[in-house]
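The block underneath contains the structure these notes are about, expressed in C-alpha coordinates.
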Amino acid sequence: MSDGTATTTTDLDIRLEKHRVELTGYCYRMLGSSFEAEDAVQDTMVRAWRSYEKFEGRSSLRSWLYRIATNVCLDMLTAGNKRARPMDLSESTPLAQAALSPRPDHTWLEPMPDSRMLPTVEDPAEAAVAKESVRLAFMAALQQLPAKQRAVLILREVLAWKASEVAELLDTTVASVNSALQRARATLAERDDKAAGAAVSDPLDEEQQKLLERYVAAFEGYDMSALTALLHEDAVMTMPPFDLWLTGHDDITGFMTTLGSACEGSRLVPVQVNGLPGFAQYKPDPEEGGFTPWAVQVLEISDRRLTGFHFFLDTERWFPLFGLPLHLEAETDQVEQGA
(Lines give C-alpha, C1' and ligand atoms only; values in the text may rest on other atoms or scores of the structure.)
Protein backbone atom coordinates (compact mmCIF):
# COMPACT_ATOMS: atom_id res chain seq x y z
CA MET A 1 0.00 0.00 0.00
CA SER A 2 1.42 3.37 -0.92
CA ASP A 3 1.80 6.19 1.56
CA GLY A 4 -0.90 8.10 -0.28
CA THR A 5 -3.36 5.23 0.02
CA ALA A 6 -2.52 4.77 3.69
CA THR A 7 -3.13 8.45 4.32
CA THR A 8 -6.45 8.32 2.48
CA THR A 9 -7.52 5.27 4.46
CA THR A 10 -6.60 6.95 7.74
CA ASP A 11 -8.45 10.11 6.74
CA LEU A 12 -11.56 8.08 5.88
CA ASP A 13 -11.40 6.23 9.20
CA ILE A 14 -11.24 9.57 11.01
CA ARG A 15 -14.14 11.01 9.00
CA LEU A 16 -16.29 7.93 9.66
CA GLU A 17 -15.39 7.80 13.34
CA LYS A 18 -16.61 11.38 13.88
CA HIS A 19 -20.16 10.11 13.34
CA ARG A 20 -19.99 7.03 15.60
CA VAL A 21 -21.66 8.51 18.70
CA GLU A 22 -24.63 10.06 16.89
CA LEU A 23 -25.09 6.93 14.77
CA THR A 24 -25.05 4.83 17.96
CA GLY A 25 -27.79 7.03 19.40
CA TYR A 26 -29.84 6.62 16.22
CA CYS A 27 -29.42 2.84 16.11
CA TYR A 28 -30.15 2.60 19.83
CA ARG A 29 -33.45 4.44 19.37
CA MET A 30 -34.29 2.13 16.48
CA LEU A 31 -33.33 -1.14 18.19
CA GLY A 32 -33.82 -0.55 21.93
CA SER A 33 -30.63 -2.49 22.65
CA SER A 34 -27.28 -0.95 23.56
CA PHE A 35 -25.27 -3.92 22.29
CA GLU A 36 -27.27 -4.36 19.09
CA ALA A 37 -26.89 -0.63 18.45
CA GLU A 38 -23.12 -0.82 18.71
CA ASP A 39 -23.10 -3.90 16.45
CA ALA A 40 -25.26 -2.04 13.93
CA VAL A 41 -22.92 0.95 13.90
CA GLN A 42 -19.89 -1.27 13.47
CA ASP A 43 -21.63 -2.97 10.53
CA THR A 44 -22.46 0.47 9.12
CA MET A 45 -18.82 1.55 9.36
CA VAL A 46 -17.57 -1.62 7.66
CA ARG A 47 -20.12 -1.28 4.83
CA ALA A 48 -19.23 2.38 4.37
CA TRP A 49 -15.51 1.66 4.33
CA ARG A 50 -15.91 -1.14 1.79
CA SER A 51 -18.21 0.78 -0.55
CA TYR A 52 -16.71 4.25 -0.19
CA GLU A 53 -15.35 4.20 -3.74
CA LYS A 54 -18.98 3.95 -4.96
CA PHE A 55 -20.03 6.93 -2.84
CA GLU A 56 -20.51 9.66 -5.41
CA GLY A 57 -20.94 12.55 -3.02
CA ARG A 58 -24.47 13.32 -4.18
CA SER A 59 -25.38 13.57 -0.49
CA SER A 60 -23.27 14.40 2.52
CA LEU A 61 -21.18 11.67 4.14
CA ARG A 62 -23.43 11.96 7.20
CA SER A 63 -26.62 11.39 5.18
CA TRP A 64 -25.01 8.44 3.41
CA LEU A 65 -24.04 6.88 6.75
CA TYR A 66 -27.57 7.33 8.08
CA ARG A 67 -28.93 5.60 4.98
CA ILE A 68 -26.63 2.63 5.58
CA ALA A 69 -27.42 2.58 9.32
CA THR A 70 -31.16 2.69 8.62
CA ASN A 71 -30.92 -0.28 6.28
CA VAL A 72 -28.85 -2.22 8.82
CA CYS A 73 -31.43 -1.53 11.55
CA LEU A 74 -34.40 -2.40 9.31
CA ASP A 75 -32.71 -5.72 8.47
CA MET A 76 -32.16 -6.41 12.18
CA LEU A 77 -35.80 -5.58 12.97
CA THR A 78 -37.33 -7.96 10.44
CA ALA A 79 -37.76 -10.54 13.19
CA GLY A 80 -40.41 -8.23 14.66
CA ASN A 81 -39.08 -8.28 18.21
CA LYS A 82 -40.24 -5.28 20.24
CA ARG A 83 -38.15 -4.65 23.31
CA ALA A 84 -40.13 -3.57 26.35
CA ARG A 85 -40.16 -2.68 30.01
CA PRO A 86 -41.82 -5.00 32.55
CA MET A 87 -44.85 -2.70 32.81
CA ASP A 88 -45.39 -3.01 29.05
CA LEU A 89 -45.86 -6.78 29.34
CA SER A 90 -47.89 -7.45 32.47
CA GLU A 91 -49.85 -5.96 35.33
CA SER A 92 -48.18 -4.78 38.52
CA THR A 93 -47.65 -7.56 41.08
CA PRO A 94 -48.66 -7.06 44.73
CA LEU A 95 -45.77 -7.65 47.11
CA ALA A 96 -47.52 -10.67 48.65
CA GLN A 97 -47.40 -12.40 45.24
CA ALA A 98 -43.93 -11.22 44.22
CA ALA A 99 -41.82 -13.83 42.41
CA LEU A 100 -38.60 -13.33 40.48
CA SER A 101 -39.18 -14.87 37.03
CA PRO A 102 -36.57 -13.97 34.39
CA ARG A 103 -37.28 -13.57 30.69
CA PRO A 104 -34.72 -13.81 27.85
CA ASP A 105 -32.40 -10.84 27.30
CA HIS A 106 -33.96 -9.96 23.94
CA THR A 107 -37.25 -9.19 25.75
CA TRP A 108 -35.98 -6.08 27.46
CA LEU A 109 -35.27 -2.50 26.61
CA GLU A 110 -31.64 -1.99 27.58
CA PRO A 111 -29.89 0.93 29.30
CA MET A 112 -27.22 2.97 27.51
CA PRO A 113 -24.58 5.42 28.82
CA ASP A 114 -25.17 8.97 27.61
CA SER A 115 -21.52 9.26 26.61
CA ARG A 116 -21.83 6.50 24.01
CA MET A 117 -24.91 7.84 22.21
CA LEU A 118 -25.37 11.58 22.84
CA PRO A 119 -22.87 13.73 20.93
CA THR A 120 -21.80 17.01 22.49
CA VAL A 121 -23.86 19.90 21.11
CA GLU A 122 -23.73 23.58 21.96
CA ASP A 123 -27.46 24.29 21.64
CA PRO A 124 -29.14 23.56 25.03
CA ALA A 125 -32.52 23.01 23.36
CA GLU A 126 -31.04 20.47 20.96
CA ALA A 127 -29.30 18.70 23.84
CA ALA A 128 -32.56 18.57 25.80
CA VAL A 129 -34.45 17.00 22.88
CA ALA A 130 -31.71 14.41 22.44
CA LYS A 131 -31.86 13.42 26.11
CA GLU A 132 -35.65 13.28 26.17
CA SER A 133 -35.62 10.98 23.14
CA VAL A 134 -33.55 8.27 24.88
CA ARG A 135 -35.43 8.19 28.17
CA LEU A 136 -36.89 4.79 28.96
CA ALA A 137 -40.56 5.76 28.59
CA PHE A 138 -40.03 7.34 25.17
CA MET A 139 -37.81 4.46 24.07
CA ALA A 140 -40.53 2.00 25.08
CA ALA A 141 -43.06 4.01 23.08
CA LEU A 142 -40.79 3.95 20.02
CA GLN A 143 -40.67 0.16 20.19
CA GLN A 144 -44.42 0.04 19.58
CA LEU A 145 -44.04 1.63 16.15
CA PRO A 146 -43.49 -0.30 12.91
CA ALA A 147 -39.83 -0.08 11.93
CA LYS A 148 -40.17 2.46 9.11
CA GLN A 149 -42.49 4.68 11.15
CA ARG A 150 -39.91 4.52 13.92
CA ALA A 151 -37.19 5.67 11.53
CA VAL A 152 -39.35 8.52 10.20
CA LEU A 153 -40.25 9.75 13.68
CA ILE A 154 -36.65 9.70 14.89
CA LEU A 155 -35.29 11.42 11.79
CA ARG A 156 -38.01 14.09 11.66
CA GLU A 157 -38.78 14.77 15.33
CA VAL A 158 -35.49 14.01 17.08
CA LEU A 159 -32.85 14.75 14.46
CA ALA A 160 -34.87 17.50 12.72
CA TRP A 161 -34.38 16.22 9.18
CA LYS A 162 -36.58 17.70 6.46
CA ALA A 163 -39.32 15.51 5.00
CA SER A 164 -37.56 15.64 1.64
CA GLU A 165 -34.30 14.41 3.21
CA VAL A 166 -36.07 11.51 4.93
CA ALA A 167 -37.87 10.62 1.69
CA GLU A 168 -34.56 10.47 -0.15
CA LEU A 169 -32.98 8.35 2.58
CA LEU A 170 -35.87 5.85 2.56
CA ASP A 171 -36.35 5.90 -1.23
CA THR A 172 -39.94 7.04 -0.88
CA THR A 173 -42.08 10.15 -1.36
CA VAL A 174 -42.54 13.20 0.87
CA ALA A 175 -46.25 12.36 1.09
CA SER A 176 -45.40 8.88 2.34
CA VAL A 177 -43.00 10.31 4.95
CA ASN A 178 -45.60 12.80 6.18
CA SER A 179 -48.23 10.05 6.40
CA ALA A 180 -45.89 7.78 8.36
CA LEU A 181 -45.04 10.62 10.74
CA GLN A 182 -48.73 11.36 11.31
CA ARG A 183 -49.46 7.70 12.11
CA ALA A 184 -46.46 7.49 14.43
CA ARG A 185 -47.53 10.59 16.32
CA ALA A 186 -51.05 9.21 16.70
CA THR A 187 -49.74 5.94 18.13
CA LEU A 188 -47.56 7.73 20.68
CA ALA A 189 -50.43 10.04 21.65
CA GLU A 190 -52.58 7.00 22.52
CA ARG A 191 -50.10 5.78 25.12
CA ASP A 192 -51.09 6.62 28.69
CA ASP A 193 -47.60 6.69 30.13
CA LYS A 194 -47.18 8.78 33.26
CA ALA A 195 -43.43 8.23 33.26
CA ALA A 196 -43.20 9.82 29.82
CA GLY A 197 -43.79 13.17 31.50
CA ALA A 198 -40.85 12.78 33.84
CA ALA A 199 -39.32 16.22 34.18
CA VAL A 200 -35.56 16.26 34.57
CA SER A 201 -33.74 19.49 33.87
CA ASP A 202 -30.37 19.54 32.15
CA PRO A 203 -28.24 20.08 34.09
CA LEU A 204 -30.06 19.04 37.25
CA ASP A 205 -31.45 22.00 39.14
CA GLU A 206 -30.65 22.50 42.81
CA GLU A 207 -33.80 20.77 44.09
CA GLN A 208 -33.27 17.74 41.86
CA GLN A 209 -29.64 17.49 42.95
CA LYS A 210 -30.72 17.60 46.60
CA LEU A 211 -33.34 14.93 45.88
CA LEU A 212 -30.62 12.65 44.50
CA GLU A 213 -28.37 13.34 47.49
CA ARG A 214 -31.22 12.41 49.82
CA TYR A 215 -31.86 9.28 47.75
CA VAL A 216 -28.22 8.19 48.04
CA ALA A 217 -28.28 8.76 51.80
CA ALA A 218 -31.56 6.85 52.17
CA PHE A 219 -30.52 3.93 49.95
CA GLU A 220 -27.00 3.52 51.32
CA GLY A 221 -28.38 3.83 54.84
CA TYR A 222 -31.27 1.51 53.92
CA ASP A 223 -33.60 3.94 55.65
CA MET A 224 -37.06 2.99 54.38
CA SER A 225 -38.79 5.92 56.09
CA ALA A 226 -36.46 8.38 54.36
CA LEU A 227 -36.87 6.55 51.04
CA THR A 228 -40.68 6.57 51.33
CA ALA A 229 -40.59 10.35 51.73
CA LEU A 230 -38.81 10.62 48.35
CA LEU A 231 -41.10 8.31 46.38
CA HIS A 232 -44.23 9.39 44.55
CA GLU A 233 -47.25 7.45 45.79
CA ASP A 234 -47.49 5.81 42.34
CA ALA A 235 -43.75 5.20 41.97
CA VAL A 236 -42.74 2.18 39.90
CA MET A 237 -39.83 -0.21 40.44
CA THR A 238 -38.59 -2.68 37.80
CA MET A 239 -35.76 -5.24 37.75
CA PRO A 240 -35.02 -6.67 34.28
CA PRO A 241 -34.39 -9.50 33.44
CA PHE A 242 -37.17 -10.30 35.94
CA ASP A 243 -40.68 -9.48 34.75
CA LEU A 244 -41.81 -8.48 38.25
CA TRP A 245 -42.65 -4.82 38.72
CA LEU A 246 -43.98 -3.07 41.78
CA THR A 247 -45.97 0.12 42.23
CA GLY A 248 -46.42 2.30 45.32
CA HIS A 249 -43.92 3.04 48.07
CA ASP A 250 -45.33 0.45 50.47
CA ASP A 251 -44.73 -2.46 48.10
CA ILE A 252 -41.37 -1.07 46.96
CA THR A 253 -39.93 -0.59 50.44
CA GLY A 254 -41.55 -3.85 51.54
CA PHE A 255 -39.72 -5.68 48.77
CA MET A 256 -36.44 -4.03 49.68
CA THR A 257 -36.66 -5.27 53.27
CA THR A 258 -37.70 -8.84 52.29
CA LEU A 259 -36.68 -10.33 48.93
CA GLY A 260 -34.29 -7.42 48.33
CA SER A 261 -32.75 -7.30 51.79
CA ALA A 262 -29.31 -8.35 50.49
CA CYS A 263 -28.99 -4.82 49.07
CA GLU A 264 -28.64 -3.36 52.55
CA GLY A 265 -25.24 -1.72 52.96
CA SER A 266 -24.84 -1.02 49.23
CA ARG A 267 -22.75 1.79 47.72
CA LEU A 268 -23.95 3.95 44.82
CA VAL A 269 -21.74 5.47 42.12
CA PRO A 270 -23.28 8.18 39.86
CA VAL A 271 -23.74 7.42 36.14
CA GLN A 272 -25.43 9.28 33.29
CA VAL A 273 -27.81 6.86 31.60
CA ASN A 274 -30.64 7.29 29.09
CA GLY A 275 -30.69 11.05 29.55
CA LEU A 276 -31.50 10.54 33.24
CA PRO A 277 -29.63 10.44 36.54
CA GLY A 278 -28.60 6.97 37.59
CA PHE A 279 -26.29 4.97 39.79
CA ALA A 280 -24.16 1.89 39.63
CA GLN A 281 -25.13 -0.13 42.68
CA TYR A 282 -22.52 -2.26 44.45
CA LYS A 283 -23.73 -4.52 47.24
CA PRO A 284 -21.56 -6.01 50.01
CA ASP A 285 -19.43 -8.96 48.92
CA PRO A 286 -19.48 -11.48 51.82
CA GLU A 287 -16.84 -13.72 50.21
CA GLU A 288 -14.10 -11.32 49.13
CA GLY A 289 -14.99 -8.26 51.17
CA GLY A 290 -15.66 -4.85 49.70
CA PHE A 291 -18.48 -4.51 47.21
CA THR A 292 -19.61 -6.40 44.13
CA PRO A 293 -21.70 -5.07 41.19
CA TRP A 294 -25.43 -5.58 41.50
CA ALA A 295 -27.36 -3.20 39.24
CA VAL A 296 -27.38 -0.10 37.08
CA GLN A 297 -30.17 2.07 38.47
CA VAL A 298 -32.05 4.52 36.25
CA LEU A 299 -34.15 7.11 38.11
CA GLU A 300 -37.20 9.02 36.86
CA ILE A 301 -38.20 12.26 38.56
CA SER A 302 -41.44 14.23 38.42
CA ASP A 303 -43.08 16.73 40.78
CA ARG A 304 -39.92 16.71 42.95
CA ARG A 305 -40.38 13.02 43.70
CA LEU A 306 -38.96 9.79 42.36
CA THR A 307 -41.59 8.32 40.06
CA GLY A 308 -39.61 5.36 38.85
CA PHE A 309 -36.45 3.51 39.52
CA HIS A 310 -35.30 0.71 37.34
CA PHE A 311 -32.66 -1.83 38.30
CA PHE A 312 -30.85 -3.47 35.38
CA LEU A 313 -29.28 -6.52 36.96
CA ASP A 314 -27.09 -8.09 34.26
CA THR A 315 -23.94 -6.57 35.71
CA GLU A 316 -21.48 -8.64 33.64
CA ARG A 317 -22.81 -6.80 30.60
CA TRP A 318 -23.68 -3.37 31.98
CA PHE A 319 -20.73 -2.48 34.18
CA PRO A 320 -18.08 -2.88 31.43
CA LEU A 321 -20.36 -0.91 29.07
CA PHE A 322 -20.34 1.97 31.56
CA GLY A 323 -16.60 1.65 32.18
CA LEU A 324 -17.19 0.62 35.79
CA PRO A 325 -14.96 -1.64 37.89
CA LEU A 326 -16.20 -5.11 38.83
CA HIS A 327 -15.17 -4.70 42.46
CA LEU A 328 -15.00 -1.87 45.00
CA GLU A 329 -12.72 -2.04 48.01
CA ALA A 330 -14.36 -1.62 51.38
CA GLU A 331 -12.82 1.80 52.00
CA THR A 332 -13.79 3.08 48.54
CA ASP A 333 -16.91 5.21 48.71
CA GLN A 334 -16.58 6.83 45.30
CA VAL A 335 -15.08 5.81 41.97
CA GLU A 336 -14.61 7.73 38.79
CA GLN A 337 -16.91 6.59 36.01
CA GLY A 338 -14.86 5.57 32.99
CA ALA A 339 -17.55 5.67 30.30
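At a probe radius of 1.4 angstrom, the accessible area of the stretch 234-332 per residue rounds to 36 square angstrom. Between the C-alpha center of the stretch 107-123 and that of the stretch 280-331 there is a gap of 18 Å.
Full extension of the chain segment joining A127 with D223 gains 31.0 nm, where the gain is 0.36 nm per residue of separation less the Cα-Cα distance. About its Cα centre, the dipole of the chain is roughly 1460 debye, where the only charges are +1 on Lys and Arg Cβ and -1 on Asp and Glu Cβ.
Take the residue pairs K18/K131; K210/K283; K18/K210; K148/K210; K82/K131; K54/K82 and return only those whose Cα atoms are more than 30 Å apart. Correct reply: K18/K210; K148/K210; K54/K82.
Determine the sum of side-chain charges near H310: Lys and Arg each +1, Asp and Glu each -1, restricted to other residues whose C-beta is under 10 angstrom from that of H310. Write down the numbers at each step before the final one.
Details: positive: R85; negative: E300.
Result for the neighbourhood of H310: 0.
Helical runs (DSSP H, four residues minimum) scored at -39500 (n - 2.57) apiece and divided by the length of the chain put the mean residue ellipticity at 222 nm at -13500 deg cm²/dmol. Given a 1.4 Å probe and every protein chain left where it sits, what share in percent of the accessible area of the chain is carbon and sulfur? Carbon and sulfur together cover 49 percent of it. Please build a GNM for the chain, connecting alpha carbons under 10 Å apart, and tell me which residue among A262, A40, A141 fluctuates the most. Maximum among the listed residues: A262.
Here the calculated FRET efficiency for L95 and A175, from their Cβ-Cβ distance with R0 = 45 Å, stands at 0.30, rounded to the nearest 0.05.
Summary of the geometry: the stretch 14-32 and the stretch 210-267, compared by the centres of their Cα atoms, lie 34 Å apart.
The values are calculated or read from the model by the stated rules, or taken from the named source; none is laboratory data. Remember, it's a predicted structure, so these values are computed and weren't measured experimentally. Positions of Cβ are generated from backbone atoms using ideal geometry, with glycine treated the same way; all protein chains shown enter the neighbour counts. Surface areas here come from the heavy atoms of the whole protein model, side chains and all, with no ligands, DNA or RNA. Shrake-Rupley method; radii C 1.70, N 1.55, O 1.52, S 1.80 Å.
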